[in-house]
Structures are given as C-alpha cells and as structure tokens.
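Scroll down for the structure; my scribbles are underneath it.
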Amino acid sequence: MCKKILTAMFGIILINASAAWAQTSASGETKTQPSPSVGQGQGKVGEAQPGVEAKERTDVAGPNEKVRPRLVGQGEPERDDLGKFRRESQSEEEAAILPYYNNFLRTYRLGPEDVISVTVFGLDRYSRAGIVIPPNGVISYPLIGGVFVVGKTVDEVAAEITKRLDEYIIDPKVTVSLERAMSARYAVLGDVAQPGVKVMTHRLTVYEALTEAGGVLRTGDKSKVTVLRRQPDGSMQMIPVDVAKIEKGKTADNFYLAPGDQVLVPGNKIKTLERVLTYVPIIGFARIFMGGW
C-alpha cells in the first residue's frame, strides 16, 4: 500500500516539473510580430524606410498603380529650350536667305553651255544627267527627239518634255534641274537693301557689289562682312571684310569678286556665319553659278 502511494506522488512531481520547464523555455523564445496593417510602418511606394536608401520605383506597379517615369534633371528642360531657340534662329536665317536662291533657280533663263539634268520618276532609262545645252539651244531627248530649251526656265522645259512624253508614257513625272549656269553669278545676302543672286556683267569689288545691292542697312554690321569663295577642292574659304575701313580709305579689303562668290552681311537677317554654314544647300549652290569669267 505504501509503495503505491509513493509511486503516485513521484508521478505528480514529474508532471509538475515538466510543466515548469516548458513554461520557462517558452518565455525565452522570440515573439512573432503581427503583420502591420496598411498605413502602419509600411510607407508609400518610393518612400524611404529606416536604413534603406530611397529610390524611384520604375519597374513594377500594382493593379491600381501607374509606373512612374524616371526623374529628369532640372537642367534638361533648359537644354530643350535652348535647342528650340537655336532651331528658331536657324529657321529665321534660312527664311531670309534661301528664297533668293530658290527665286534664281525658278526664274533663271537657260542659255548655251548651261548644264541641266532631266529625271523621269520611276523610269531611269529615260532620265539624263549632265546635258550640255548646245549653241543652237536644242537638246536631244529619248523618244521625243529635239527640245528647244534656250530662253526657258527649268519648269518650262519640264512642262514641254512632260507634254511630249505623255504620248509614249502614261502620266510621266518629269523634273528638270539646273546643274551649272555658265554665265557668271554672285550673291549678296543679309542686311542689304536689295539682296539676291546677281549676274556678273563686269568686274566689281566687294564694295561695288554692296553698293549695287543698295548698300548695307543700318542693322547690318559693316565690320563683319564675309565673302564665301568656293575652292577647287570643293571647300569654302571664308574671307573677312571690314567695310567700315574701306569707307575710311583703307582699300586692302576691297578686292575683286570671283564668279560664285557669296557676300554675307550679318545683322538682323544673319546672326552668325557659323549658322549659315550649316545650310548645306546654300553652300553647295555656289557650284551652280560659278560659270567661267
């Protein structure tokens, strides 16, 4: 009997000891923190967290989010504005210069020894380049034979060839271009009274050319006049001319122009020569009217 009582008491002691040990172990463990609700400790997208570097989120977006673009430096709009200003300035200068060349091409009357090209769109076999106008003014053309061109503009010649080709080709698209005008030409452009492309009927100096163009306007800079002269290798030589000094009797700058020279007077119409030089069509135009003198 005593033995049974002792055994039962020993079992109770073991049970209590096990319970105490389990409670002590549980109190030393790391507790699991509850997940924070929205707006508690989580922060907004892109907001800095403690110990974490903030950066723009650009790669992913939730169902109700939009991917935000990368931030652009504050200097970028300034560069855009500056680029726009440059384009506007170039457009203004281009508008002040190109019409005179376009007018020359549109109104020029062809003569002997001038060189033209004829292009029929989509039909290369009927296109011709480097056609030298003979003394009698008649060029020979495929299918239609002789075409009289002297005294006509390139548009008038194109209309004539189109009309005659229409008998053989359905709706031909003909373009005639002036490759070279053999009569000597020069140009005076910028802030002068009468800018344009002119015929060189006699030898003339820079100052005489400016005078025949009506003189330099009050807005023109006489001290920064430049003559562009095409070289045999195709490059353009820039010759500075100080007209103010010429007017004071210093004639060193008052040289004779050569066929194809372009006299540029800076001012309201031409801001800087560097911008003018970006107009490849203008500079390339010089070879067209560099006819022999």
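Taken together, the values in this text are just the output of simple stated rules run on the coordinates, not laboratory data. Predicted, not measured: the structure shown is a model, and the values here were computed from it.
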What whole-number value in cubic angstrom gives the convex hull volume per residue for the C-alpha atoms of the range 200-240? 89 Å³
At 0.36 nm per residue, minus the direct Cα-Cα distance, what do Asp233 and Ile144 gain on full extension? Give it in nm, one decimal, please. 28.2 nm
Theoretical gain in end-to-end length, Asp221 to Asn102 [0.36 nm per residue, Cα-Cα removed]: 40.3 nm
Viscosity 1.567 mPa s, temperature 4 °C: give me the Stokes-Einstein translational D for the range 115-180 in µm²/s, with Rh taken as the Kirkwood radius over C-alpha pairs. 110 µm²/s
Extension gain from Thr211 to Asp155, taking 0.36 nm per residue of separation minus the Cα-Cα distance: 16.9 nm
Would the range 167-251 count as rounded, prolate or oblate if I go by the C-alpha gyration tensor, calling it rounded below 1.5 in a/c and otherwise prolate when a/b exceeds b/c, oblate otherwise? prolate
